[in-house]
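What follows is a single structure, written as C-alpha cells, with notes after it.
The values are calculated or read from the model by the stated rules, or taken from the named source; none is laboratory data. Because the structure is predicted, anything quoted here is derived from the model rather than measured. Neighbour counts run over all protein chains shown; Cβ positions are idealised from the backbone, glycine included.
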Amino acid sequence: MELFGDFFKQLYDTTGWNFAVFYDPFEWDRFVAAMWTTIRLAIACLIFSLIVGFVGAWAQGAKSRIVRNVIAGYIQFFRNTPPFVQILFFYFVLGNLVPTYDAGGYQEAYIGSFGWAVISLGFFAGAFNTEIFRSGIEAVPESTVEAASALGYTRLQSYIYVIFPLAFRVCLPALNNNLVNLLKTTTLAYGIAVPEMMYTANQIWSDNVNVPEMMIVLFIFYVGLVAILVWGMSRWERKMKIPGYG
Amino acid sequence: MSGNRTAGISHEQHMDVLLPLARQQRSQAMIERLEGTFRLKVQPHHAIWMFLLFVLAVGSAQAQAPKELISPLDALIKWTPFILWGPEGGLTGFSLNIIISFFAMLFGTVAGVALGLMQISLLLPVRRGSWIVTQFFRNSPWLVLLFTIMLLFPFEIDLGFVVIPVPDWMKAVIGFSLPVMANISEVVRGAVRSLPSGQWESAESLAFNRRQTLWMIILPQCFKRMIPPWINWYCILAMATPLCSIMGVEESVTYTAQALNAEGDRPELLPVFYIFLLLIHFIYTYPIARWSIQLEKKFAVKL
C-alpha cells in the first residue's frame, strides 16, 4: 500500500498527473466511502427492483382487471419518462410528504436521499424486470402449471415453487442486460446529492483541480464494476442451469 | 380439451418442455443486448391513465393552495411557455431537449455506423480496436461521459483564422452522441451478423468483391432491420437529455426548477410541475415508441 501511494506521489511530482485519491489519505478515505456507497446503492436497487419485478409479474397474471391495468400503467409510466426526472419527482415531491424526526437540532426525514434513490431507481428498473419476468412466465408451458394445480398447489404456491424458478432461468439473459443498465443508472443519484462515486469524484476534482485524472478513475471504476457484474451473472446462469431446460 | 392433450402426450409427441421457448427467449435477450434495446409494449389507453393522474395531482394541489396566492393551475399555465420554449420564445427549455436529442442522434449515428462497419472489418487490429471503443462507451454511465465532455472540452475552438465558440448545449450534444455512437455501432454489427451467411456466400459466388457485397447486398438488407432499434435508441436518448440540467444547460428541468423558485418554492406546486414535466416527456416519446413497434411489425422478415 505504501509503495502504491509512493508511486502515485512520484507520478504527480514528475509528470503532474495528480491521482490524489491514491496517495492522500483524506481523499483515499472519501474515495473508499464513495465506492462503498455506490456498491451499496447498486445492490439495494438491484434487490428492490427484483422484488418489484417478482411481485409485478405475479400481479400481471391476476384475475382482477383493475390490478392488471394498474401494473400496466406503472410499467408504461416508468418506461416512457426520463429516469432523472423520476428521481427528482420522488425526492422533491414525495420526499416532502415523509414525516421528519428531530436529529439533534435539525429535522431529518425518515427517508433520506439514499432511500429515495433506491426507491425510484428500484421502481424504474422494476418496471423493466416486470416485463422480463412476465415473458419468462409465458415461456413456462401450461401443462406444467396444470400439473402443479393438479398436485394441489394454490395459484401463489405454484407461482413460488414451480413457475417462477423455471421462468427465472429462462429470463436470466434479459435480466442480465437490465441489471447492467441499472448499475449505470445509479449515477443519476448524483442529482439528489447521494454521496456516491460520481458525486464524490466531483468534490474531489473541485478540491484538487484534477478533472482528467478523476475521469480516468471514474471510467475504470464503472467499466470494472459492469465487467464484474456481467461475469458474476454469467457464472450464476451456468450454475443454475437445469439439464433439458434450455 | 384435456382429452386431446393426454392423447397427444401418450404417443410419440414429446411433452412441450421449456426447451424451444427458452431458446427463443435467450436469443431474444442476445439480440436485445446486441441492439441495446428494450422492446416497448405500449397501448393507447395508458396515455389516458397518465392524463388522469395529472388531473388528480392538479386537483389536489388546487384544494391545498391558500386562497390569497396564485392557484397551481394558473401558475402552471403561466409558466408553461417558459418551460417549453424558454424566455421570449428562444429555443431553450423543452425545445432545447429536442434539439439536443436530434443533433446527438445525428452525430451519434454517423459515428456509430462508421464504428460498426469497422467492427466487421477484415483487419484484426481495426476490429479489435473498434470493439474496445464500442464496449468502453457502451458500458460507461451516460452521466460520466457527459461530465467528461462538459468539463474537458474547450469552450471555444481556435482554428487560427476563426474562433468557434462551443456553448454548453453543444457540449451536451457531443457528450450524448458518444454513448449513442457505441450503441448504434452494436446495432450495425448485430444487423450484419443477423443476416444468414448464405447471403455472403452467394454474393461471393456471383463474383462480387467485398465492398460490392457490403454496399449492394448486405447493407440494404440491414437497413430495414436497423430502423426499429435506431428509433428505440432515439427514445432512450430523448429520455436521457434532462441529465444535462445538472451542468446548468437551460433545458426543461432547469427551467422547471427556476419557475418553481420564482413562485417561492410552494410545496403544493411541486407535484403539479414535476408531473407536468414527466407528462411532456411522455407525450413526446410515446408516439415515437409506438411508431417503432409498428415499423418492427412491418419490417419483420422471415428468412
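Looking only at residues of segment A:71-96 that are more than 9 Å from every other protein chain (Cβ to nearest Cβ) and of a type outside the set (Phe, Trp, Tyr), we find that the one that is surrounded by the most Cβ atoms within 10 Å (Cβ to Cβ) is A:ILE87.
Of everything in segment B:131-147 that's among the polar types (S, T, N, Q) and surrounded by 22 or more Cβ atoms within 10 Å (Cβ to Cβ), which residue is modelled with the lowest pLDDT? The residue in question is B:SER140. Checked against (1) over 27 Å from B:ILE236 (Cβ atoms); (2) more than 8 Å from chain B (Cβ to nearest Cβ); (3) of a type outside the set (Ser, Thr, Tyr); (4) in a helix (DSSP H, G or I), A:LEU166 passes all but a single condition, namely (2). For segment A:199-227, a residue qualifies if it is loosely packed, with under 12 Cβ neighbours inside 10 Å and at negative phi, and the qualifying residues are A:SER206, A:ILE220, A:GLY224.
The conditions of being touching a residue at least 60 places away in the same chain (Cβ under 8 Å) and within 14 Å of chain A (Cβ to nearest Cβ) are not met by B:VAL188. Does segment B:286-298 include one or more residues that are at pLDDT 85 or above, farther than 20 Å from A:LEU97 by Cβ and touching a strand residue (DSSP E or B) at 6+ places or on another chain (Cβ under 9 Å)? No - not one qualifying residue is present in segment B:286-298. Within this structure, A:PRO195 passes the test of being away from every other protein chain (no Cβ under 12 Å) and either in a helix (DSSP H, G or I) or surrounded by 12 or more Cβ atoms within 10 Å (Cβ to Cβ) (or both).
Restricting A:LEU156, A:LEU94 to residues that are out of contact with any Lys or Arg (no Cβ under 6 Å at 6 or more places or on another chain), aliphatic (A, V, I, L, M), at pLDDT 85 or above and in a helix (DSSP H, G or I) narrows the list to A:LEU156.
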